[in-house]
Every structure is written in structure tokens, then in C-alpha cells.
1. Express the C-alpha Rg of the stretch 19-80 as a ratio against the empirical globular expectation 2.2 N^0.38 Å, rounded to two decimals.
2. Take the Cα radius of gyration of the chain and divide it by 2.2 N^0.38 Å, with N its residue count; two decimals is plenty.
3. Can you tell me the length gained on complete extension of the stretch K69 to Q26, counting 0.36 nm per residue apart and subtracting the Cα distance?
4. Need one number: nm distance between label points at S109 and S89, each 7 Å from Cα along Cα→Cβ, rounded to one decimal.
5. How about the stretch 11-119: which trypsin sites (Lys or Arg not before Pro) there lie in a loop by DSSP and see at most 14 other Cβ atoms within 10 Å?
6. Let me check I've understood the local charge: for A58, count other residues with C-beta under 13 angstrom from its C-beta, Lys and Arg +1, Asp and Glu -1. What total comes out?
7. From the helices alone, meaning DSSP H stretches of at least four residues, give me the mean residue ellipticity at 222 nm for the chain, per-run term -39500 (n - 2.57), in deg cm²/dmol to the nearest 500.
Amino acid sequence: MECGTHVVTAAAVAPYARSEQAMAAQMLPAKLVPGMLVLADRNFYGFKLWRIACASGAKLAWRVKSTLKLPVEQMLPDGSYLSTVFDSSDHARRSGQTVRVIDYTLQDSPPRCRTAIGW
């Protein structure tokens, strides 16, 4: 894990079979503090890891896969919108979390990128 200045704030080493997401879930609670901005690439998003990071009081800006279903619930003046994320095991969709979504396209990149913002 590193912050915006690229200073390493925590590190973990594990066998190849242990995923980065599993290691992050173990480390995040002790390393995140309220008000910290946490950036993550699209392979880190998962509802449980998102909730762990949000519970710390940190602010999240995580890229998510463009295939993640995030329907527009409320359009915001700047073109971003509010949606709700759910755990994949929550089939009744009862325990979601509101996120702000920014869809964007970078020049010479895949057609669409998406970032979820949590607070």
C-alpha cells in the first residue's frame, strides 16, 4: 500500500496462492485513518473490502470494472451520479452502500472507465 506521495505505508508478502485482496483486507483496518484518501485500481474492488475500508473513516476513490452494474439513482450537476453497491451474496439487495460514480474515457484507452467514490 502506498499513499499519493508513493511512500510505502505498509507491505505484506505471502505465497502466490494468497490474493492481494485477501492481504489488503487483513492490513487495511490497522493502516487506514479517518480522512485518508485511499485510491485503488479496479482489481481491488469487492464489496467486503470496500466496507472494511469505509469503516475506517477513510475516503475512497476506487476504479471498478466497467461491467459492475451501477444504475443511475440520482444524477448530480457535475455529470457524476449516485448508485448503490451490494454484496454479491445479498440477492434481496437489502444492505447496500451508496457510492458516487464517475464514468470517464481516457484518450487512447479502453472505451470506458469507472470510479466509485465512498465516504
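Each value in this text was obtained by applying a stated rule to the coordinates, not by laboratory testing. Just so it is clear, the structure is predicted and the values come from calculations on it, not from any experiment. Every residue, glycine as well, gets a Cβ built from its backbone with ideal geometry; the counts of neighbours run over all protein chains shown.
1. 1.22
2. Normalised Rg, Cα atoms only: 1.11.
3. 12.8 nm
4. Reported label-point gap for S109 and S89 is 3.3 nm.
5. Of the trypsin sites (Lys or Arg not before Pro), the ones in loops of the stretch 11-119 whose Cβ has at most 14 other Cβ atoms within 10 Å are R18, K65, K69, R93, R94, R112.
6. Here the count lands on +3.
7. -5500 deg cm²/dmol
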